[in-house]
Amino acid sequence: MRLGWGILLVAAWASGPALAQGSAYQAGLRVATTRGYDNADCYARVFAKHAVVVERPDGRRSWSAASTPAYNAEQRSRCGVDRLQDLAGRRGAERFGAAGAPRPRGGVYGLGLHLAAERGYSGRDAACFARNYATFASPQPAESGRVRYAIAGASMHIYSQELFRACGLSR
């Protein structure tokens, strides 16, 4: 009897850090909302199906789903999320957002203020618009070879919702 309780206690202790991080579904939901996917619930369910607990070099544990052909195909067919295209886009954004890359004068927030003024917003509305724009805008290559900032298509819906929720504004 004591041996059974001891094994149960050791198993609970060993899995404690992974359980403390939350479920694989919750981790998938965080990833989906961070990336602005429209169908976050679907993404999280598929993520949970493919996720495993990985231990980092610092000893912390987290959920991770490897980018396998099966996982990518299931995300695309069930949820409409093209992970490979999304990863390629984020790699391009990282390249243009790297140290030494050209940055807009006044920052992305300044660009948001400029756009708000063009759309007729001022004061508190303009500041709220600029904050949301700075949160969702990402660097994208332009034909001139410079970098321009815009809201990516995958993020447009959640950007519009957040703009209305936080500021009471429509695009």
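Of note:
- Residue within the stretch 100-120 that is modelled with pLDDT of 80 or more and either assigned to a loop (DSSP other than H, G, I, E, B) or within 30 Å of residue 73 (Cα to Cα) (or both) present: yes
- Residue within the stretch 45-58 that is modelled with pLDDT under 90 and within 18 Å of residue 138 (Cβ to Cβ) present: no
- Some residue of the stretch 37-44 being in a loop (DSSP other than H, G, I, E, B), surrounded by 13 or more Cβ atoms within 10 Å (Cβ to Cβ), at pLDDT below 90 and not acidic (Asp, Glu): yes
- Against the test of being outside any helix (DSSP H, G or I), surrounded by fewer than 11 Cβ atoms within 10 Å (Cβ to Cβ) and at pLDDT below 85, the options 148, 171, 91 yield a single qualifying residue, 171.
- Filter result for residue 159 (touching a helix residue (DSSP H, G or I) at 6+ places or on another chain (Cβ under 7 Å), under 19 Å from residue 37 (Cβ atoms) and of a type in the set (Ser, Thr, Tyr)): yes
- When residues of the stretch 63-75 are limited to those that are in a helix (DSSP H, G or I) and more than 17 Å from the chain's Cα centre (by Cα), the one surrounded by the most Cβ atoms within 10 Å (Cβ to Cβ): 74
- Residues located in the stretch 151-161, provided they are crowded, with 16+ Cβ neighbours inside 10 Å and part of a helix (DSSP H, G or I): 154, 155, 158, 159, 160
The values are calculated or read from the model by the stated rules, or taken from the named source; none is laboratory data. Because the structure is predicted, anything quoted here is derived from the model rather than measured. Cβ: placed from backbone, ideal geometry, glycine included. Neighbour counts: every protein chain shown.
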